[in-house]
Amino acid sequence: MKRDWELIKALMLEIEGCEQGRYFIPEPFAGHDLDSVKYHLHLLDQAGLVECELDEPWDGAPQLIGRNLTLQGHDLLDSLREGVSRPTLQPVPVLTQVAAVDGAEALRRSA
């Protein structure tokens, strides 16, 4: 399946618009079928742009649901709003170690 930036933007706008405590549950959306929506939500989660969790309803199959945008997700959405059609994604910093500096702990992040 190909990545669709218009669907990515629509999903991010929808997730951003969710009220606190509400989740985005995949369904056919913005003219796209359910499989395409699920795939693109997975891509957003994989890229660290949307915080997702696995919902395991008692009466159905487990599915990924969108909770909210990450800081990097907000930055990407701002770029998409400004008309950047294919933005460049920066890697998400990963905590690599904790070091003591003058008695205080400092976090070192990889780029």
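Calculate the FRET efficiency for Met1 and Trp58 from the Cβ-Cβ distance with a Förster distance of 35 Å, rounded to the nearest 0.05.
0.75
I'm a student and want to see the number: the projected area of the Cα convex hull of segment 1-83, averaged over all directions, in nm².
Details: hull surface 22.6 nm².
Its average projected convex-hull area is 5.6 nm².
Could you list His40, His32 so that the one with the fewest beta carbons within 10 Å of its beta carbon is first and the one with the most is last?
Fewest-to-most Cβ neighbours within 10 Å comes out as His32, His40.
Excluding Asp33 itself, calculate the net charge of residues whose Cβ lies under 13 Å from the Cβ of Asp33, where each Lys or Arg counts +1 and each Asp or Glu counts -1.
Cβ neighbours under 13 Å give a net charge of -2.
What residues have an amide H closer than 5 Å to that of Val50, excluding those fewer than 5 places away on the same chain, when H is modeled at 1.01 Å from N in the peptide plane?
For Val50, whose amide H was placed from the backbone, the distant partners under 5 Å are Asp45, Thr70.
What's the local net charge at Gly73, with K and R +1, D and E -1, over the other residues with C-beta under 9 Å away?
So the environment of Gly73 carries a net charge of -3.
Which of Val84, Val37, Val50 has the fewest other C-beta atoms within 10 Å, and how do the rest follow up to the most?
The most exposed by this proxy come first: Val84, Val37, Val50.
Pop out the ³J(HN,Hα) list for segment 35-46 in order, Karplus 6.51 cos²θ - 1.76 cosθ + 1.60 with θ = phi - 60°, rounded to Hz; leave Gly and Pro as x.
Per-residue couplings from phi come out as 4, 5, 5, 4, 4, 6, 5, 4, 4, 5, 5, 4 Hz.
Could you give the nm distance between label points at Glu82 and Ala30, where each point is 7 Å from its Cα heading toward the beta carbon?
Those two pseudo-labels are separated by 1.9 nm.
All of the numbers you see were taken from the coordinates with simple rules; none came from a lab. No experiment lies behind these values; they were computed from the predicted model shown. Here Cβ is always computed from backbone atoms with ideal geometry, including for glycine, and neighbour counts include all displayed protein chains.
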